[in-house]
Amino acid sequence: MRNSPLVVGQIVENVRNGRAVVTAIHGTQKPESVHSVGGMIVTGGNASFDLVYFDAVRSYQVPESIVCGGLAWSVLDDVVSQDEIDSLLTSAAAREDKEAREKAEADAAYALEKCRLRESTKYAHLKKKEDNKGSECALVAANIRIELKKEFPGVKFSVTSRHYTCVTIK
């Protein structure tokens, strides 16, 4: 456990996410109150920290008890300059912008494909979600039944839905 307060620019390390820099401190730190219960649970602390990782990912409001007392965390003595913090924050903002653009593009492509499939004559014979009064699983079972009758005329199939998540075909 660390008994001295952290400072903006201090490097911390998490075994899962790697090294990060403290970019902001919220609240008043109480490192002396951080302690472990049974070696697994940490409590105490009063502050929280905003962090930016060296791989341009940000975490907000990470509790003092986790950073200063968590088993997966180490607080290093190294402190980086404000210029380095600004550079890391710029990289993180660029990554977040890129991910937001990619998500918006993927969402638009999904919406376009969903519209295309909804309007396609190939699937006009299937029941639509908005026409369904039962569960989605029952709708899936009904559409499977329709497709099987279309592809295998004269063959008898049993299509049942169970547990709202399972369709059985015999």
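Residues that are of a type in the set (Phe, Trp, Tyr) and open to solvent by 60 Å² or more (accessible area, probe 1.4 Å): does the range 57-69 have at least one? The answer is yes; a qualifying residue exists.
Anything in the range 103-155 that is more than 31 Å from the chain's Cα centre (by Cα), surrounded by fewer than 12 Cβ atoms within 10 Å (Cβ to Cβ) and part of a helix (DSSP H, G or I)? List them, or say none. Within the range 103-155, 119, 121, 122, 131, 150, 151 qualify. Here is the figure for the range 70-83: residues that are surrounded by fewer than 13 Cβ atoms within 10 Å (Cβ to Cβ) and either within 28 Å of residue 40 (Cβ to Cβ) or of a type outside the set (Gly, Ala, Ser) (or both) total 7. Against the numbered list (1) within 13 Å of residue 6 (Cα to Cα); (2) free of Cβ contacts under 8 Å to residues at least 40 places away in the same chain; (3) out of contact with any Cys (no Cβ under 8 Å at 6 or more places or on another chain), residue 31 comes up short only at (3).
Considering 91, 161, the condition of being polar (S, T, N, Q), over 30 Å from residue 7 (Cβ atoms) and surrounded by 10 or more Cβ atoms within 10 Å (Cβ to Cβ) is satisfied by 161 alone. Selection within the range 31-54: residues that are part of a loop (DSSP other than H, G, I, E, B) and at pLDDT 95 or above. The member of this set that is least open to solvent (accessible area, probe 1.4 Å) is 47.
The values are calculated or read from the model by the stated rules, or taken from the named source; none is laboratory data. Since the model is a prediction, treat every value here as computed from it, not as a measurement. All Cβ positions, glycine included, derive from the backbone under ideal geometry; neighbour counts span all protein chains shown. Accessible surface areas use protein heavy atoms only, side chains included; no ligands, DNA or RNA. Shrake-Rupley method; radii C 1.70, N 1.55, O 1.52, S 1.80 Å.
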